[in-house]
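The values are calculated or read from the model by the stated rules, or taken from the named source; none is laboratory data. This is a predicted model, so every value here is computed, not measured. Please note: Cβ atoms are built from the backbone with ideal geometry, for glycine as well, and neighbour counts cover all protein chains shown.
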Amino acid sequence: MSQEREQASAWTSAFNQGKFVRKSSEFRDVFSFNGPFIPESNRYHLYISHACPWAHRTLLARTIMGLESHITVDVVDWRMNHDGSWSFNPDEPGATKDSMYGSRTLEEIYQKADENWGRNGKIGTVPVLWDKKLQTIVNNESREIIRMLSESFDHLRSPSGMNLAPNELREEIDAMIDANYETVNNGVYKSGFARTQDAYEEAVVSLFNRLDELETHLEGRMWLVGQGQGTLTEADVCLFTTLVRFDLVYVVHFKCNLKRILDYPNLTGFVNRFLSLDGVESTCDWNHIKSHYFWSHTNLNPYRIIPLGPMTGPHTKNE
C-alpha cells in the first residue's frame, strides 16, 4: 500500500471512531540563500489570526527575534466563516485589511498562489508566509515557519532578539515539540471535537497526563529544554500558545475541565513568565481568542453565547 493510501486509511479509521483528525498543510517550501525564496528584509509577509494558536506561534517568533521591521503582518477577523474560511475586516479592532492586495478573504490569497485552489474543496488556513516578490505562498505550516525564521533570519534579528532554535538544542527542541503536539496542542482539539465518549475520554486523559508530566518537568526550571533552568526556544513558543488559551477557552468550550492551568503552579508560572517577555502580551488579543471559539464553532455552541468569565488568570492582565 502506498504512503498516501496508508494515510488515507488511517484518517478514515480514526474518523469512523469519532476522533478529530487535523488536515495537513499544503505549501511547504523553505528559505534558501540559493533561491528562489531568499531570506531578505521586507520581502515576506505573514497572514495570521490572533485567535489561532498555530498562527500565534509565528507572530511570537517574529516578536521574540525582533523581526518586526523585516516581516510585515496582516490579521484576519476573529469570526470564522461558516465554511471554515477567514475574512479581512479593518473595522474590527485588532484585525486589518489585506495590505498586499485589498483582498476580501484569505481564500483570494490562496488563489493567487494556486489558480486551482478551492476546486477540490480545500479551505485556506492560517498562518500564511507570503513572498511579496514572487507573489506566492512560501509555507503555511507554523512549525516550519518558525524554524525557518530561526535558521534563515538570524542575521536580521535585533540585538535584543533571541534565536529560538540554537543548533546544539535542536534535537531536544524537536523531541519536546513532538511530545506535546498530539497530547496537548492538538489534544485540546481532539477533546473538543470528539464525536464519541470514548474518543473524548481517550484524548482528554492523554492531555492531562501530559500536563501532569510537564508540571513535574518544570519544577525548578524556567523553560522546557536546555541545561539548568533552561533556554527559551521554539518548544516554549509552541506550548505557550495552547496554555495561554486553556483556561480562557478550552476548559469550557472543549470540555478540558479535569483541571485548569491555574491549578498547576509550575505551568502557571511558565505562562506568566512568557507573558512578561518584551512584546509578548501585545501579541495576545484576548477578545479575538475568546470570541472566535465561542462564536465560530456553532456545532459546539449553537447560540454563540460568549461567557463572561473566567475572572482570574493571566488573560485578565490587560482587560
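Output the residue which, of all residues in the range 278-319 that are among the hydrophobic types (A, V, I, L, M, F, W, C) and out of contact with any Leu (no Cβ under 8 Å at 6 or more places or on another chain), is nearest to Q229 (Cα to Cα).
Ranking the qualifying residues of the range 278-319, first place goes to M311.
One line per residue, one yes/no per condition, for (1) hydroxyl-bearing (S, T, Y); (2) modelled with pLDDT under 95; (3) closer than 21 Å to R104 by Cα; (4) crowded, with 22+ Cβ neighbours inside 10 Å:
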residue: N16; (1), (2), (3), (4): no, yes, no, no
residue: K23; (1), (2), (3), (4): no, yes, no, no
residue: F33; (1), (2), (3), (4): no, yes, no, no
residue: S49; (1), (2), (3), (4): yes, no, yes, yes
residue: W54; (1), (2), (3), (4): no, no, no, yes
residue: L60; (1), (2), (3), (4): no, no, no, yes
residue: I64; (1), (2), (3), (4): no, no, no, yes
residue: E68; (1), (2), (3), (4): no, no, no, no
residue: V73; (1), (2), (3), (4): no, no, yes, no
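If you scan the range 65-114, which residues turn out to be β-branched (V, I, T) and closer than 17 Å to Y44 by Cβ?
I71, T72, V73, V75, T96, I109
Among the helices (runs of 4 or more DSSP H) lying completely within the range 187-290, list those that include at least 1 residues that are of a type in the set (S, T, N, Q) and farther than 25 Å from E144 by Cβ.
187-192, 197-217, 265-275
Only one residue in C256, C284 is touching a Ser or Thr at 6+ places or on another chain (Cβ under 6 Å) and surrounded by 22 or more Cβ atoms within 10 Å (Cβ to Cβ). Which one?
Checking each option against the conditions leaves just C256.
Name, by its number, the condition in (1) in contact with an Asp or Glu (Cβ under 9 Å, 6 or more places away or on another chain); (2) buried (at least 19 other Cβ atoms within 10 Å of the Cβ); (3) under 23 Å from F37 (Cα atoms) that does not hold for S158.
The one condition S158 does not meet is (2).
Among D91, D198, D178, D174, which is the only one that is in contact (Cβ under 8 Å) with a residue 12 or more places away in the chain and of a type in the set (D, E)?
Among D91, D198, D178, D174, only D198 is in contact (Cβ under 8 Å) with a residue 12 or more places away in the chain and of a type in the set (D, E).
Consider the range 100-113. How many of its residues are free of Cβ contacts under 8 Å to residues at least 40 places away in the same chain and either among the acidic types (D, E) or surrounded by fewer than 18 Cβ atoms within 10 Å (Cβ to Cβ) (or both)?
So the count comes out to 8.
Scan the range 156-169 residue by residue and report those that are in a helix (DSSP H, G or I) and of a type in the set (S, T, N, Q).
Across the range 156-169, the qualifying residue is only N167.
This table checks each residue for (1) of a type outside the set (A, V, I, L, M, F, W, C); (2) at pLDDT 95 or above; (3) under 17 Å from S41 (Cα atoms); (4) surrounded by fewer than 23 Cβ atoms within 10 Å (Cβ to Cβ).
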residue	(1), (2), (3), (4)
Q135	yes, yes, yes, yes
I146	no, yes, yes, no
P166	yes, yes, no, yes
A179	no, yes, no, yes
S191	yes, yes, no, no
A194	no, yes, no, yes
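So W54 clears everything in (1) part of a strand (DSSP E or B); (2) touching a helix residue (DSSP H, G or I) at 6+ places or on another chain (Cβ under 7 Å) except one condition, right? Which one?
Condition (1) is where W54 drops out.
Taking the range 89-108 on its own, how many of its residues are under 12 Å from V128 (Cβ atoms) and among the aliphatic types (A, V, I, L, M)?
2
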